[in-house]
Amino acid sequence: MQTEYWKVDKENPDHTILAQASAILAGGGLVAFPTETVYGLGANGLDPYAVRDIYKAKGRPSDNPLILHIADFCEVEKLAAEITPCAKLLMEHFWPGPLTILFKRSKIVPDVITAGMDTVAIRMPVNKIARQLIRLAGVPIAAPSANISGRPSPTNAADVKADMMGKINAIVDGGACDIGVESTVVDCTSLPATVLRPGGITVEQLRKVLGEVALDPALYGAATAKPRAPGMKYRHYAPRAPLKVIEADTAQLVGIFKREIAQAKNKGQKVGALVANETAAQLPAGTVIEQYGSRSHPEQLAARLFTLLRRFDDQDVDVIFAEGIKENGIGLAVMNRMRKAAGFQIIKK
Ligand code: TXA
Ligand code: MG
């Protein structure tokens, strides 16, 4: 398949391009587009054939439900059987934005969207390109992250091209995504509201609005509990080389990095390190270093995590060590993705 590629301005997107892209969506085709979190692989969410093509292009397991993306609040009434007071509060405070809310599904939502569950996940992105595209298409847009299943989510168009060129109808390039990790998924069909996937809206922000907010117990352990978001059970976000997360306070951190790097090099391995600038300055020569910014700016790690993980693939490293960060604010989502990418291989001392 020939994949159309269009570059558009994020703040002032070209209407004729978005009209062409939305016509493809309305006609049952697949279009990758930017959102504030990661790039999505969009299809008409009410067309089961188009939605099935998403699963094919990604190689996605069919038991993993999709998020419907909308541009206007009134769309929820058509897709949800019920809007609970809790969901209403969340919509008012966090839409448009990086929050996905679960609702009891209405009859018009196809089974292939919900993978047989009785809830439907809905989100209203804030990215202008995404919203205009959805509005022009005139239908809810099903959109998982635009990566091959298991690979890190794409946060720029080059990463989308690497996974999707030749497999989908078009790519709309709107530059780098601002947030870099996916939306927070919240279930408030029953109380307390429960976070199934940490993401762009932090748990602290949710608690300010709702008071009590629970975390799905499956987020704490490796494989102890069954996650309520089916997608959370898969090894995900993985670079090709094995990844290990080093989680220690700053006093011990560099020492552990040096020891692990020396041991790997003794085995003849080429070593990668994903670290803050402060750590990078202290690592031995000959290490392939990807640095995200200062330790005091965890949002920069969120924005660059996936694309830096992908970079190691081009550099043929045998093992990667990544620097863990604190799990408050956006750090909760970052550490969830990093540990999953590492298959929960964590070094603490
Ligand atoms: O930021 C995002 O949410 C991005 C952009 C493109 O909007 N999309 C995204 O979609 O991350 P995806 O498909 O990669 O992840 C959706 C997650 C999966 O873990 C899935 O299992 C969960 O949401 N999910 C979807 N519908 C659900 C439902 N009805 N019940 C429980 N979990 C659900
Ligand atoms: Mg995904």
Length-normalised contact order of the chain in % [C-alpha pairs under 8 Å, at least 6 apart]: 19
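Near residue 297, within a Cβ-to-Cβ distance under 15 Å, what is the net charge of the other residues, with Lys and Arg +1 and Asp and Glu -1?
Numbers: positive: 295, 304, 326; negative: 178, 278, 299, 323.
Neighbour charge sum, excluding residue 297 itself: -1.
Which value, in Å³ per residue, describes the convex hull spanned by the Cα atoms of the range 52-146?
Numbers: hull volume 9.0 nm³, N = 95.
Convex hull of Cα atoms, per residue: 95 Å³.
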Cysteines in the chain that, by Cβ-Cβ distance, have no pairing candidate under 4.7 Å: 74, 177
Angle between the chain longest axis and helix 298-313 axis [Cα atoms, degrees, rounded to 10]: 80
Estimated dipole of the range 121-272 in Debye, rounded to 20 [Cβ of Lys and Arg +1, of Asp and Glu -1, Cα centre]: 500
Net dipole in debye of the range 56-178 [+1 Lys, Arg Cβ; -1 Asp, Glu Cβ; about Cα centre; nearest 20]: 240
Mean-position separation - Cα centroids, the range 254-282 and the range 225-249, in angstrom: 21
Nearest-0.05 FRET efficiency for residue 176 and residue 89, computed from C-beta distance (R0 25 Å): 0.20
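What number comes out for the charge environment of residue 286, summing +1 per Lys or Arg and -1 per Asp or Glu over other residues with Cβ under 9 Å away?
Values: positive: 265, 270; negative: none.
Here the charged neighbours net out to +2.
Between residue 240 and residue 73, 0.36 nm times their residue separation minus their Cα-Cα distance comes to what? Kindly include the intermediate steps, with their values, before the conclusion.
Details: separation 167, 0.36 × 167 = 60.12 nm, distance 4.05 nm.
Full extension from residue 240 to residue 73 adds 56.1 nm.
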Cα-based convex hull, the range 1-80, per residue volume (Å³, whole number): 129
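To the nearest 20 debye, what is the magnitude of the charge dipole of the range 189-266 about its Cα centre, counting +1 on the Cβ of each Lys and Arg and -1 on the Cβ of each Asp and Glu? Display every interim value, and only then the final one.
Working: 12 positive and 6 negative charges, 81 e Å.
Approximately 400 debye in magnitude.
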J(HN,Hα) series, the range 259-272, from Karplus relation 6.51 cos²θ - 1.76 cosθ + 1.60, nearest Hz, glycine and proline x: 5, 5, 5, 4, 4, 5, 5, 4, 7, x, 8, 8, 10, x
Value of relative contact order over the range 214-306, rounded to a whole percent, pairs C-alpha under 8 Å and six or more apart: 16
In order through the range 334-343: 3J(HN,Hα) via Karplus (6.51 cos²θ - 1.76 cosθ + 1.60), integer Hz, x for Gly, Pro: 4, 5, 4, 5, 5, 5, 5, 4, 8, x
Simple spin-label estimate for residue 250 and residue 12 in nanometres, 7 Å along Cα-Cβ: 4.2
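Full-extension gain between residue 269 and residue 49, please, as 0.36 nm times their residue separation minus the C-alpha to C-alpha distance. Before the final figure, lay out each step's value.
On the way: separation 220, 0.36 × 220 = 79.20 nm, distance 4.61 nm.
Once the chain is fully extended between residue 269 and residue 49, it gains 74.6 nm.
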For the range 121-262, the Rg and Dmax computed from alpha carbons only, in angstrom: 18.4, 57
Taking the range 269-349 and dividing mean pair separation by its residue count, relative contact order in percent (alpha carbons under 8 Å, at least six apart): 32
Helix axis angle, 15-26 relative to the chain longest principal axis, alpha carbon, degrees: 80
Ellipticity estimate at 222 nm from DSSP helix runs (n ≥ 4, -39,500 (n - 2.57)) divided over the chain, nearest 500: -9500 deg cm²/dmol
Under 5 Å, built H, 5+ apart or other chain: amide partners of residue 215: 195
Length added when fully stretched, residue 277-residue 259, from 0.36 nm per residue minus Cα-Cα: 4.6 nm
Simple spin-label estimate for residue 297 and residue 204 in nanometres, 7 Å along Cα-Cβ: 1.8
Simple label model, 7 Å out from Cα along Cβ direction - residue 158 to residue 1, nm: 2.5
Whole-Hz couplings from phi, Karplus 6.51/-1.76/1.60, listed for the range 154-171; x for Gly and Pro: x, 10, 8, 5, 4, 5, 5, 4, 4, 9, 10, 4, x, 10, 10, 6, 7, 10
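Given N residues in the chain, what is Rg(Cα) / (2.2 N^0.38 Å)?
On the way: Rg = 20.1 Å, N = 349, 2.2 N^0.38 = 20.4 Å.
Here the Cα radius of gyration is 0.99 times the empirical estimate.
Quick check on packing: order 29-41, 245-257, 317-329 by the mean number of other C-beta atoms within 10 Å, highest mean leading. Don't skip to the answer; put the middle values down first.
On the way: 29-41: 27.6, 245-257: 15.9, 317-329: 19.5.
Ranked by mean Cβ neighbours within 10 Å, highest first: 29-41, 317-329, 245-257.
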25 °C / 0.890 mPa s Stokes-Einstein diffusion coefficient of the range 12-54, Kirkwood radius on C-alpha pairs, µm²/s: 225
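Every number here is computed from the coordinates shown, using simple stated rules; none is lab data. Remember, it's a predicted structure, so these values are computed and weren't measured experimentally. So basically every Cβ, Gly included, is an ideal-geometry build from the backbone, and we count neighbours across all protein chains shown.
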